[in-house]
Amino acid sequence: MHQSLDIAAILRRAEQFSPHREVVSREPDRSCHRTTYGELAARARRLASALLRLGLEPGTRVATLCATHRQHWEAYYAAPIAGLVTHPLNPRLHPDDIAFIADHAGDRVLIVDEAFLPLYEQIRDRTPFRNVVVVGTAPPGLLGYEQLLATGDPEWQPAELDERSTALVTYTSGTTGRPKGVEVSHRAIAVHALSSALPGWLAIRDDDVVMPVVPMFHALAWGWPYTAALLGAKQVLPGPFLDPDSLLELIAGERVTLTGGVPTVWMGLLNTLDAAPGTHDTSSLRAVLSGGATAPPAMIEGLRGRHAVPLVHTWGMTELVMGAVANLTWDLQDAPEDEQRPHRYAQGVPMPFLEIRARGDAGYVAWDGQSLGELEIRGPWVAQEYVGAPEASAEQWTDDGWFRTGDVVTISDRGYIRIADRAKDLVKSGGEWISTPELESALMDHPAVAEAAVVAVADEKWTERPLAVVAFRPGTTATPEELREFIAPKVARWWLPERIEIVEAIPKTAVGKFNKLALRQQYDTPTDTPDAAKADS
Ligand code: ADP
């Protein structure tokens with residue numbers, strides 16, 4: 001019973017029990033490469049031995065700068081089973097941030113897609129890589145991925161691993177500040193895989209076809225490369241093609257049952273489906289997971305109601321991968337639609353082994369679905385600290401070891417978490433809080449609005465006021481006054497934003513969330529607002 005819970009055990013499971021289960025990977029030329037767990041596992045072991053033959057010390061960081069494809073999948077296994085550490089870098093970050101992160105993590109090897117070589121050129125002088133391995137055609141002086149793999153021993157098997165040793169390092173995307181890194185142990189990945197696959201959460205089985213749309217560098221892409229392999233589900237890796245048409249083609253062609261991404265991806269998909277109803281076959285989907293930012297109710301209802309696409313709200317963070325899924329608990333399954341709906345809109349119930357509490361101004365709040373507090377969490381896959389950042393760690397973890405998420409939530413008596421806002425995004429107006437996701441959702445209910453983001457701007461009288469930034473669907477429009485009238489019945493009068501800015505598109509972060517930091521920087525200029533704004537507060 002003290003057998004180590006590690007990534008080598010997950011790979012062994014896939015190789016022994018699901019050797020013929022397919023993994024489909026989109027190549028740079030858009031063709032679909034078909035392979036199996038048997039073949040991938042053998043290649044991952046061989047790559048592990050090739051990495052060790054480079055003379056790397058145990059614990060050395062092997063960075064990746066890759067799209068979601070089969071070689072990236074192999075690297076996710078090869079480094080950890082060799083006692084090394086995989087470090088997925090986010091190619092959509094600014095080159096300065098990528099250089100900072102690679103240097104901070106002490107990455108020694110880089111596995112990079114040919115398509116990202118121009119990006120590598122921009123950071124090479126500021127990064128500590130000793131070996132650079134290119135997936136695709138390697139220019140002179142760099143090593144080709146297949147060339148490296150060929151130097152490995154096909155018979156190599158992993159040595160015994162310590163389940164508490166680090167398997168992966170990952171950094172936050174920096175939505176609220178400088179990127180911070182966390183180490184994830186083998187054990188954390190194994191227990192997360194088991195818990196997240198349970199029936200009340202993702203319910204993954206071997207007859208599922210899973211397609212991660214959230215890129216692999218982001219919150220470990222929800223741990224899917226491991227979870228799906230452990231359960232023997234078919235995997236579809238979409239490569240660099242994450243636009244709605246490419247995804248719809250894979251969903252129909254591969255009969256995808258389970259997929260996951262950030263809300264902006266699903267908003268794009270909804271718009272494509274709305275533009276040509278009935279032309280895309282999405283009948284295979286049993287759950288489309290949306291996490292990373294609030295899923296607007298209008299999007300959930302649009303996908304469910306108009307296209308029978310079952311969108312399921314989830315909550316996750318870099319510091320803990322996946323934390324909660326908004327399935328209906330047993331006592332809600334036959335409840336009237338009106339009672340079910342708010343639970344689908346909530347962020348969900350935490351998976352087994354995760355413990356939660358919410359801290360308000362006067363201590364931990366009741367689980368009454370009303371009282372607001374900052375969510376704190378602990379569990380066997382919640383990070384312990386930020387790498388090499390003792391001050392940030394001391395701020396983010398309580399003295400008794402709970403992680404302070406920075407999310408302001410209510411918890412219901414059934415254990416559903418509902419995020420009111422990120423603590424840093426809440427608008428504090430006249431001493432009272434305004435939830436930006438609620439205002440955004442109200443605006444996105446308007447038929448002309450494609451996207452809406454609300455940020456706090458400084459205000460002399462009320463300290464802060466909400467400012468809305470809105471982008472319209474093609475060929476539609478509305479005036480700020482019409483939008484205010486539209487949302488007036490849905491929110492308190494003093495919540496109504498005085499300023500509504502119309503833009504072509506809302507700036508996004510590297511993982512596709514609204515970039516509120518950039519919006520605040522652009523629009524946060526102090527102004528005076530009329531007293532009427534607070535009239536009936
Ligand atoms: P970053 O902190 O750089 O944005 P993360 O991906 O770790 O990187 O972001 C985690 C945060 O994203 C959470 O703390 C929460 O605020 C937000 N988030 C994740 N899922 C949801 C969700 N379903 N609804 C609302 N917010 C979410």
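Give the relative contact order (percent, whole number) for the chain; include only Cα pairs under 8 Å separated by 6+ residues.
Relative contact order for the chain comes out at 11 percent.
Within a Cβ distance under 15 Å of Arg473, other residues only, what is the Lys/Arg minus Asp/Glu net charge? Don't skip to the end; give the middle numbers.
On the way: positive: Arg306; negative: Asp274, Asp445, Glu451, Glu482, Glu504.
Taking every other residue near Arg473 into account, the sum is -4.
Which one, Gly141, Ala492, Leu303, projects farthest toward the positive side of the charge dipole computed for the chain from Cβ point charges (K/R +1, D/E -1)?
Working it through, the farthest residue towards the positive pole turns out to be Gly141.
If you take the beta carbon distance between Gln3 and Arg205 as r and set R0 to 25 Å, what does 1/(1 + (r/R0)^6) give as a FRET efficiency, to the nearest 0.05?
Computed FRET efficiency for Gln3 and Arg205 comes out at 0.60.
Which is farthest toward the positive dipole end of the range 427-534 among Thr476, Gln521, Trp462, measuring Cα position about the Cα centre, with Cβ charges +1 (Lys, Arg) and -1 (Asp, Glu)?
Towards the positive end, the residue furthest out is Gln521.
Give me the distance in nm between label points sitting 7 Å out from Cα along the Cα-to-Cβ direction at Arg255 and Gln340, one decimal.
Result: 2.5 nm between the two label points.
Pulled fully out, how much extra length does the chain show between Arg304 and Arg414, if you take 0.36 nm times their separation in residues and subtract their Cα-Cα distance?
Numbers: separation 110, 0.36 × 110 = 39.60 nm, distance 2.38 nm.
Fully extending the segment from Arg304 to Arg414 adds 37.2 nm.
Dipole size in debye (nearest 20) for the range 201-286 around its Cα centre, Lys and Arg Cβ +1, Asp and Glu Cβ -1? Can you show the working numbers first?
Working: 4 positive and 9 negative charges, 52 e Å.
Roughly 240 debye, rounded to the nearest 20.
Hey, can you grab everything whose amide H is under 5 Å from the amide H of Thr60? Only 5+ residues off in sequence or another chain; H modelled, so Pro and N-termini drop out.
So Thr60 has HN proximity to Val85.
For Asp103 and Ala394, what is the calculated FRET efficiency with R₀ set at 25 Å and r taken between the beta-carbons, to the nearest 0.05?
The computed FRET efficiency comes out at 0.60.
If you place +1 on the Cβ of every Lys and Arg and -1 on the Cβ of every Asp and Glu, how big does the dipole about the Cα centre of the chain come out, in debye to the nearest 20? Intermediate values should be presented prior to the final figure.
Values: 50 positive and 71 negative charges, 204 e Å.
Charge dipole of the chain: 980 debye, to the nearest 20.
Could you derive backbone 3J(HN,Hα) for the range 124-138 from the dihedral phi with the Karplus parameters 6.51, -1.76 and 1.60 (θ = phi - 60°), listing whole Hz in sequence and x where the residue is Gly or Pro?
The phi angles translate into 4, 6, 10, 10, x, 5, 9, 10, 10, 10, 9, 7, x, 8, 7 Hz.
Would you mind computing, in nm to one decimal, how far apart the modelled labels at Ala448 and Glu57 are, each placed 7 Å from Cα along Cα→Cβ?
6.3 nm
Among the listed pairs Lys234/Lys424; Lys428/Lys513; Lys180/Lys234; Lys180/Lys508, give every one whose C-alpha distance is greater than 30 Å.
Working: Lys234/Lys424 39 Å; Lys428/Lys513 22 Å; Lys180/Lys234 33 Å; Lys180/Lys508 19 Å.
Checking Cα-Cα distances, Lys234/Lys424; Lys180/Lys234 exceed 30 Å.
Can you tell me the order of 227-236, 359-368, 491-500 when each peptide is scored by its average per-residue count of other Cβ atoms within 10 angstrom, highest first? Don't skip to the end; give the middle numbers.
Numbers: 227-236: 24.8, 359-368: 12.4, 491-500: 18.6.
Answer by packing, highest mean first, reads 227-236, 491-500, 359-368.
Based solely on its DSSP helices, what 222 nm [θ] is calculated for the chain when runs of n ≥ 4 H residues each add -39,500 (n - 2.57) and the sum is averaged over all residues, nearest 500 deg cm²/dmol? All intermediate terms of the calculation are to be shown ahead of the outcome.
On the way: 16 runs with 153 residues, N = 537.
Taken over the chain, the calculation gives -8000 deg cm²/dmol.
Residue separation times 0.36 nm, minus the C-alpha to C-alpha distance between His94 and Asp361: what's the value?
Full extension of this stretch gives 92.4 nm more.
For the chain, build the charge dipole from Cβ charges (+1 Lys, Arg; -1 Asp, Glu) around the Cα centre, then report which of Val214, Leu51, Ile419 sits farthest towards its positive end.
The one lying farthest along the dipole's positive direction is Leu51.
Note down the nm distance, to one decimal, between modelled labels 7 Å out along Cα→Cβ at Lys461 and at Asp125.
Distance between label points: 5.3 nm.
Multiply the residue separation of Arg473 and Phe353 by 0.36 nm, subtract the distance between their alpha-carbon atoms, and state the gained length in nm to one decimal.
Full extension of this stretch gives 38.9 nm more.
Let me check against my output: what whole-number percent is the relative contact order of the range 151-306, with C-alpha pairs under 8 Å and at least 6 apart?
17 percent
Which percent of the accessible heavy-atom area of the range 330-422 goes to carbon and sulfur, probe 1.4 angstrom?
On the way: 2260 of 4810 Å².
Taking all protein chains in place, the range 330-422 shows 47 percent carbon and sulfur surface.
Roughly how many percent of the accessible protein surface of the range 7-185 is carbon and sulfur, given a 1.4 Å probe and a whole-percent answer?
Looking at the range 7-185 in its full context, I get 47 percent from C and S.
The values are calculated or read from the model by the stated rules, or taken from the named source; none is laboratory data. Quantities reported herein were computed from a predicted structural model and do not represent experimental measurements. A quick note on method: Cβ atoms are made from the backbone with ideal geometry, for glycine too, and the neighbour counts reach across all protein chains shown. All accessible areas refer to the heavy atoms of the entire protein, side chains included, with ligands and DNA or RNA removed. Shrake-Rupley method; radii C 1.70, N 1.55, O 1.52, S 1.80 Å.
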